[in-house]
């Protein structure tokens with residue numbers, strides 16, 4: 001009986017981890033994209 005309980009916990013531990021890694025994304029991040037560059041490009045080079 002004890003071995004069955006330990007085996008069930010062991011399998012549950014790894015199946016929960018696999019579900020978190022390979023499961024669907026539950027985060028609700030806002031949609032973002034590429035931001036335009038609005039600065040000045042430095043034309044002189046220092047060497």
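Computed from the coordinates by the stated procedures, all read-outs in this text should not be read as laboratory data. Fair warning: this is a prediction, and the values are worked out from it, not measured in the lab. Cβ: placed from backbone, ideal geometry, glycine included. Neighbour counts: every protein chain shown.
Determine, for 5, 32, the number of other Cβ atoms within 10 Å of each Cβ, and report the residues in order from fewest to most.
Exposure proxy ranking, most exposed first: 32, 5.
In degrees, nearest 10, range 0 to 90: what is the angle between the Cα axis of helix 2-22 and the longest Cα principal axis of the chain?
20
Provide the three semi-axes, in whole Å and in decreasing order, of the ellipsoid equivalent to the chain as defined by the square roots of 5 times the Cα gyration tensor eigenvalues. Write out the running numbers ahead of the final one.
Working: eigenvalues 583, 56, 6 Å².
Three semi-axes, in Å: 54, 17, 5.
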